[in-house]
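Visitor: I'd like to ask you about the structure that follows.
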Amino acid sequence: MALVATAPVWAAEKQLFNGTTLDGWKMTGPGKFEVENGMMKTVGGMGLLYYERAKVGNATVKIVFKTATDHANSGVVIRMDEPPADPWYGVHNGYEVQIDAGGDEWHSTGAIYSISKVTERRQKPMGEWNTMEIDLVGTVTTIKLNGAVVNRYREGQEVPARKQWYEPVRGPRPASGYIGLQNHDAKSTIYFKEISVTSK
């Protein structure tokens, strides 16, 4: 199927993961994702699994996940203008919505990694399911975690200075883009049982 250059209109909720295969998804970088008992599972890293069939914009991205340890690290990458050629493309050319219960307010679950901090911590303990909803409305990103808004970022607002090479390059991101899931490292295991998109 050819890639869609603009954001599609999904009137109803569309599941991007069928629970059986990684159909529609493509991996870049080392590591991989496996399907296990109806769930996606991160294996190794660092890598980025992205949905290659369409860009997403003016929509809600819903992710249901759990971690195998309290400090497992991952992320949901949004607003990538191009299909990523390497696993760092999404960090520097999109926004990484962090999954990491152990990080500070700029690097914990629901933060836009080193760009927009969370207002509260809502991640459940390891082994329990979490629901993250990422609302993309124009250039505004609103992140809900387990029913509460924990972050809202408007393109162009003031952000901290970039301090490390691995922190995102600052600059504008598009209103719609490809989305992906990060597998961070071999010690971090994350399970995803739902990834869906609903147009606004």
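The values are calculated or read from the model by the stated rules, or taken from the named source; none is laboratory data. Here the structure is a predicted model, which is why all the values come from computation and not from measurement. When we count neighbours, we look across all protein chains shown, and the Cβ atoms used for this are built from the backbone with ideal geometry, even at glycine.
Visitor: Check whether at least one residue in the range 28-38 is among the aliphatic types (A, V, I, L, M) and at pLDDT 95 or above, and report yes or no. Let's see the steps before the verdict.
Guide: Step one: list which residues in the range 28-38 are among the aliphatic types (A, V, I, L, M), which gives 35.
Narrowing further to those that are at pLDDT 95 or above: 35.
Yes: the range 28-38 contains one or more residues that are among the aliphatic types (A, V, I, L, M) and at pLDDT 95 or above.
Visitor: Which residues, counting only those in the range 58-76, are hydrophobic (A, V, I, L, M, F, W, C), touching an Asp or Glu at 6+ places or on another chain (Cβ under 9 Å) and either more than 19 Å from G47 (Cα to Cα) or in a loop (DSSP other than H, G, I, E, B) (or both)?
Guide: The first filter runs over the range 58-76 and keeps only residues hydrophobic (A, V, I, L, M, F, W, C), leaving 59, 61, 63-65, 68, 72, 76.
Within this subset, residues satisfying the condition of being touching an Asp or Glu at 6+ places or on another chain (Cβ under 9 Å) are 59, 61, 63-65, 72, 76.
The answer is A59, V61, V64, A72.
Visitor: Only one residue in G57, G47 is under 25 Å from G102 (Cα atoms), touching a Gly at 6+ places or on another chain (Cβ under 8 Å) and either charged (D, E, K, R) or crowded, with 20+ Cβ neighbours inside 10 Å (or both), so which one is that? Lay out the reasoning, then the answer.
Guide: Details: G57 fails: under 25 Å from G102 (Cα atoms).
Only one candidate passes the filter, namely G47.
Visitor: Give me a count of the residues in the range 77-127 that are among the polar types (S, T, N, Q) and part of a strand (DSSP E or B). Walk me through it before giving the result.
Guide: Just the residues of the range 77-127 that are among the polar types (S, T, N, Q), to begin with: 93, 98, 108-109, 114, 116, 119, 123.
Those left that are additionally part of a strand (DSSP E or B): 98, 116.
Qualifying residue count, the range 77-127: 2.
Visitor: Between residues in the range 147-161 that are in a loop (DSSP other than H, G, I, E, B) and residues that are surrounded by 15 or more Cβ atoms within 10 Å (Cβ to Cβ), which pairs lie under 6 Å by C-beta distance while being six or more apart or on different chains?
Guide: As it stands, the answer is E155/T139; V159/I115, since those pairs meet every condition given.
Visitor: Looking for whichever is closer than 23 Å to A85 by Cβ and at pLDDT 95 or above here; the options are G180, G138, G147. Which one fits?
Guide: Working: G138 fails: closer than 23 Å to A85 by Cβ; G147 fails: closer than 23 Å to A85 by Cβ.
Answer to the check: G180.
Visitor: Based on what the data block shows, is E52 in contact with a Phe, Trp or Tyr (Cβ under 8 Å, 6 or more places away or on another chain) and not hydrophobic (A, V, I, L, M, F, W, C)? Steps first, answer last, please.
Guide: On the way: in contact with a Phe, Trp or Tyr (Cβ under 8 Å, 6 or more places away or on another chain): yes; not hydrophobic (A, V, I, L, M, F, W, C): yes.
Judged against the criteria, E52 is a match.
Visitor: What number of residues within the range 162-190 satisfy the criterion of being of a type in the set (K, R) and either buried (at least 16 other Cβ atoms within 10 Å of the Cβ) or outside any loop (DSSP other than H, G, I, E, B) (or both)? Steps first, answer last, please.
Guide: Filtering the range 162-190 down to residues of a type in the set (K, R) leaves 162-163, 170, 173, 187.
Now restrict to residues that are either buried (at least 16 other Cβ atoms within 10 Å of the Cβ) or outside any loop (DSSP other than H, G, I, E, B) (or both): 173.
The number of residues fulfilling the criteria is 1.
Visitor: Here's something else I'd like to know. Which of the numbered conditions does E82 fail, given that it passes all the others? Conditions: (1) touching a Phe, Trp or Tyr at 6+ places or on another chain (Cβ under 9 Å); (2) at pLDDT below 95; (3) surrounded by fewer than 17 Cβ atoms within 10 Å (Cβ to Cβ).
Guide: (2)
Visitor: Next question. Can you tell me which residue in the range 109-139 is nearest to the chain's Cα centre (by Cα), limited to those that are among the small types (G, A, S) and more than 19 Å from L48 (Cα to Cα)? Full working, then the answer.
Guide: Of the range 109-139, the ones among the small types (G, A, S) are 110-111, 114, 116, 127, 138.
Imposing the further condition that a residue be more than 19 Å from L48 (Cα to Cα) reduces the set to 116, 127, 138.
Values: S116: 14, G127: 19, G138: 17 Å.
This residue is S116.
Visitor: Please verify whether the range 84-92 includes one or more residues that are of a type in the set (A, V, I, L, M) and more than 19 Å from S188 (Cα to Cα). Walk me through how you get there before you give the answer.
Guide: Initial filter on the range 84-92 (of a type in the set (A, V, I, L, M)): 85, 91.
With the extra rule that they be more than 19 Å from S188 (Cα to Cα), the set shrinks to 85.
Yes, some residue in the range 84-92 is of a type in the set (A, V, I, L, M) and more than 19 Å from S188 (Cα to Cα).
Visitor: Right, next: Six or more apart or on different chains, Cβ under 7 Å: which pairs go from a residue in the range 59-81 that's on the phi > 0 side of the Ramachandran plot to one that's among the small types (G, A, S)? Could you list them?
Guide: From residues that are on the phi > 0 side of the Ramachandran plot, the pairs are R79/G94; R79/G177.
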